[in-house]
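**Q** Okay, handing you the structure first.
The values are calculated or read from the model by the stated rules, or taken from the named source; none is laboratory data. Note that this is a predicted model, so its numbers are computed, not measured. Every residue, glycine as well, gets a Cβ built from its backbone with ideal geometry; the counts of neighbours run over all protein chains shown. The area values use the complete protein model at the heavy-atom level, side chains included, leaving out ligands, DNA and RNA. Shrake-Rupley method; radii C 1.70, N 1.55, O 1.52, S 1.80 Å.
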Amino acid sequence: KAAGKNTYAIFGSHMAELLRKRRELEHDLRAAIEQREQIEVFYQPVYSALGEAACSLEALVRWKHPTCGYISPTEFIPIAEETGLIHEIGIIVLEDACSVLSELPQMTVSINASGLELQSPAYSLRIMTALANRGLSPERLEIELTESVAIGDNRQLDRSITILRSAGVKIAIDDFGTGYSSFSRVQKFAVDRIKIDKSFIDDLHRSDSRAMVAAIITMAQAKGLKITAEGVETAEQLELLKGLGCDHLQGFHLSRPLARAGIISLLQLQSSA
Ligand code: C2E
Ligand code: CA
Ligand code: CA
Ligand code: CA
């Protein structure tokens with residue numbers, strides 16, 4: 001009984017500690033967004049299966065905490081979603097992405113959006129205004145939504161997608177294959193691209209995974225969708241994916257996400273090669 005009580009006390013103090021950390025992070029995130037300097041946007045190059053050069057960039061948000069160092073978006077995006085700060089983060093990333101589009105006229109850029117952002121009626125107008133302010137063609141921006149968000153049943157979200165797509169903005173389904181949607185559900189997606197989740201790419205050495213990826217690609221091609229494979233980490237994966245018919249490839253084997261200066265020097269190297 002004494003041990004039980006003890007365990008409970010340890011568990012209780014552990015929980016209290018977690019809660020305290022979480023509140024502190026939330027407070028710091030709010031401050032970071034107000035100051036803006038700690039929130040950075042990195043860009044990971046995406047390569048065409050045909051060419052050698054990067055043709056697109058995926059914007060990935062970074063939080064450089066003054067004492068903890070870089071905190072992963074997988075850690076702070078959920079906090080941002082729970083507190084509503086996700087809208088602010090989305091605006092920072094959108095502005096940064098638009099300025100990169102202005103600076104690099106040969107590139108397209110994709111941004112990741114939370115379902116909560118697309119459920120806001122203000123979202124599509126915000127995107128269109130940001131593009132128009134810089135005179136950017138909407139076709140150069142792509143919005144990535146995870147499969148679970150895209151298949152969710154939300155009228156405002158569907159409306160946002162319809163408005164954006166009819167204006168020319170591209171929509172991609174991120175982490176494709178992880179959302180348990182049936183092929184018949186996929187038939188109804190009104191999107192431009194799927195990004196095959198890294199978990200499938202990791203398992204490409206297995207014949208059943210290769211068959212799965214081949215089936216996804218066949219289905220996507222029949223629908224006229226573009227296909228990106230993400231999380232490409234080896235030369236073997238790269239060759240297999242090219243052979244299977246992926247249009248675009250992305251992963252550490254090709255390039256890690258880089259700060260803006262790194263992207264610009266990479267592209268300069270490419271154009272002089
Ligand atoms: P995601 O959209 O699936 O992004 C891909 C993640 O995989 C990125 O992690 C990227 O750095 C990483 N990655 C790319 N290639 C490789 C590879 O070859 N191997 C491995 N192991 N990893 C690779 P990151 O930047 O930590 O982002 C994690 C997630 O956070 C993203 O997953 C996305 O869901 C979310 N996220 C990032 N930026 C934003 C944003 O601006 N807004 C929202 N709402 N979510 C974001
Ligand atoms: Ca993504
Ligand atoms: Ca992904
Ligand atoms: Ca992911």
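**Q** What about SER124, is it at pLDDT 95 or above, of a type in the set (S, T, N, Q), surrounded by fewer than 20 Cβ atoms within 10 Å (Cβ to Cβ) and assigned to a helix (DSSP H, G or I)? Working first, answer last.
**A** Values: at pLDDT 95 or above: yes; of a type in the set (S, T, N, Q): yes; surrounded by fewer than 20 Cβ atoms within 10 Å (Cβ to Cβ): no; assigned to a helix (DSSP H, G or I): yes.
It is false that SER124 is at pLDDT 95 or above, of a type in the set (S, T, N, Q), surrounded by fewer than 20 Cβ atoms within 10 Å (Cβ to Cβ) and assigned to a helix (DSSP H, G or I).
**Q** I would also like to ask the following. Cβ contacts < 8 Å: first residue within 20 Å of VAL41 (Cβ to Cβ), restricted to region 113-129; second residue of a type in the set (Asp, Glu) and open to solvent by 50 Å² or more (accessible area, probe 1.4 Å), any location; separation 6+ or different chain. Result?
**A** Close Cβ pairs satisfying both conditions: SER114/GLU81; LEU116/GLU81.
**Q** Residues to consider are GLY69, GLY90, GLY51; find the one that is away from ligand 4 (no atom under 16 Å from the Cβ) and surrounded by 19 or more Cβ atoms within 10 Å (Cβ to Cβ). Even if it seems obvious, please write down each step before you answer.
**A** Numbers: GLY69 fails: surrounded by 19 or more Cβ atoms within 10 Å (Cβ to Cβ); GLY51 fails: surrounded by 19 or more Cβ atoms within 10 Å (Cβ to Cβ).
None of the other options fit; the residue is GLY90.
**Q** Filter region 203-237 for residues that are assigned to a helix (DSSP H, G or I), among the hydroxyl-bearing types (Ser, Thr, Tyr) and either open to solvent by less than 30 Å² (accessible area, probe 1.4 Å) or within 16 Å of ligand 3 (Cβ to nearest atom) (or both) and give the result.
**A** SER209
**Q** Among what's in region 26-48 and is surrounded by fewer than 20 Cβ atoms within 10 Å (Cβ to Cβ) and over 24 Å from ALA261 (Cα atoms), pick the residue that is farthest from ligand 1 (Cβ to nearest atom).
**A** HIS27
**Q** Then there is this: Scan region 254-273 for residues that are open to solvent by less than 80 Å² (accessible area, probe 1.4 Å) and at pLDDT 90 or above and report the count.
**A** So the answer is 13.
**Q** Please find, within region 57-77, the residue that is nearest to ligand 3 (Cβ to nearest atom) out of those that are more than 13 Å from ARG256 (Cα to Cα) and part of a strand (DSSP E or B).
**A** VAL61
**Q** Can you spot a residue in region 155-178 that is over 28 Å from GLU236 (Cβ atoms), within 15 Å of ligand 4 (Cβ to nearest atom) and touching a strand residue (DSSP E or B) at 6+ places or on another chain (Cβ under 8 Å)?
**A** Looking through region 155-178, none of the residues is over 28 Å from GLU236 (Cβ atoms), within 15 Å of ligand 4 (Cβ to nearest atom) and touching a strand residue (DSSP E or B) at 6+ places or on another chain (Cβ under 8 Å).
**Q** Going by the structure shown, is THR162 within 16 Å of ligand 3 (Cβ to nearest atom), open to solvent by 10 Å² or more (accessible area, probe 1.4 Å) and among the hydroxyl-bearing types (Ser, Thr, Tyr)?
**A** Here the answer is no, as THR162 does not meet what is asked.
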